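Input: a single structure, listed below in structure tokens.
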Amino acid sequence: MRLVLRETMLAFRRAPLLSALSVSTIAFSLFVFALFGLVAVNIHAAIGTVAERVEVVAYLRRGTPIEAITLAMSDIQAFPEVQSARYVSESDALARARGELPEFQDIFQDLEVNPLPASLEVRLKPASRNAATAAAVADRLRGFQFVEDVRFGNDWVEKLDRLRTIATAAGTAIGAAFALVAIIIIGNTIRMAVMQRSREIAIMRLVGATDGFIRRPFLLEGLTKGLLGGLLALALSWGTYRLVGSVYHASVFFTPAEAAAGVAAGGLLGLVGSLLSVGRHLRSV
């Protein structure tokens with residue numbers, strides 16, 4: 001292992017310019033991939049923010065005892081899909097309408113009887129904010145005798161589901177394409193280093209070195225360059241995020257776990273690119 005580490009360090013010292021070019025090429029390949037990832041993260045965050053508005057509202061019959069409502073709320077909050085349930089009285093509903101619809105103040109002032117019913121506003125857990133789950137919860141709420149009607153904006157939630165599906169599918173496809181391009185670029189970059197040392201490899205084979213012994217320093221070199229490129233790409237992404245975010249108010253950057261995964265992915269891409277390039281070269285000599 002010490003020999004492998006020494007050979008890897010010597011490779012950087014023998015050709016510092018080529019090593020710097022390799023790291024830079026890897027970094028910019030990953031930087032493009034990271035920019036796409038940053039856009040995808042912000043899109044999913046925006047969809048998640050909109051999805052927070054998904055709720056099921058059960059309108060109650062007039063005269064329902066508060067005791068029955070309290071017991072029902074305990075049962076509803078025990079649903080595995082439900083995050084919280086809130087009771088809105090008739091007077092609270094009217095006060096909210098007056099605050100949200102100031103253009104109808106004249107109508108509200110002329111009211112002799114409050115026309116708005118009491119309701120239960122049921123918020124769903126993040127993983128359950130979809131049309132199928134909302135419909136299932138709505139069906140269960142209709143089973144309570146004092147529930148007169150249930151609404152959850154079915155058409156709007158279905159559109160949100162379609163948008164989420166399209167964003168996930170497009171993100172996966174484009175992300176895979178970027179990853180493939182990054183592997184190709186990194187592989188060609190590592191191959192330049194392999195070709196530069198082709199005479200050394202030929203001599204090593206003449207003295208009996210196995211393919212595994214020859215391959216290991218290049219694999220470690222590819223891994224190291226990939227990690228360095230990943231770190232540089234992360235730094236460039238952060239700088240771009242700060243620059244663009246100050247103009248367009250981008251709100252989300254990679255979490256520490258996502259950033260670490262991105263750097264690790266750079267190392268993995270460098271390892272895979274090196275493995276493919278060295279293997280191709282060893283088969284050709």
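The values are calculated or read from the model by the stated rules, or taken from the named source; none is laboratory data. The model shown is predicted, which means the values in this text are computed figures rather than measured ones. Cβ: placed from backbone, ideal geometry, glycine included. Neighbour counts: every protein chain shown. To get the accessible areas, we keep the full protein, side chains included, count just its heavy atoms, and leave off ligands, DNA and RNA. Shrake-Rupley method; radii C 1.70, N 1.55, O 1.52, S 1.80 Å.
Taken along its principal axes, the alpha carbon cloud of the stretch 36-106 reaches lengths of 55, 40, 12 Å, longest axis first. Measuring max minus min along each principal axis, the C-alpha atoms of the stretch 143-231 give extents of 88, 24, 21 Å (largest first). Between Asn154 and Ala264, the contour length at 0.36 nm per residue exceeds the Cα-Cα span by 35.5 nm. Accessible surface area normalised per residue over the stretch 75-174 is 61 Å², counting heavy atoms of protein chains with a 1.4 Å rolling probe. Assuming R0 = 35 Å, can you tell me the calculated FRET efficiency for the pair Thr240 and Thr165, based on Cβ-Cβ distance, to the nearest 0.05? Here the calculated transfer efficiency is 0.80. With each label modelled as a point 7 angstrom along the Cα→C-beta vector, the Ala127-Ser91 pair spans 4.1 nm.
With all protein chains in place and a 1.4 Å probe, the accessible surface of the stretch 208-248 carries 71 percent carbon and sulfur.
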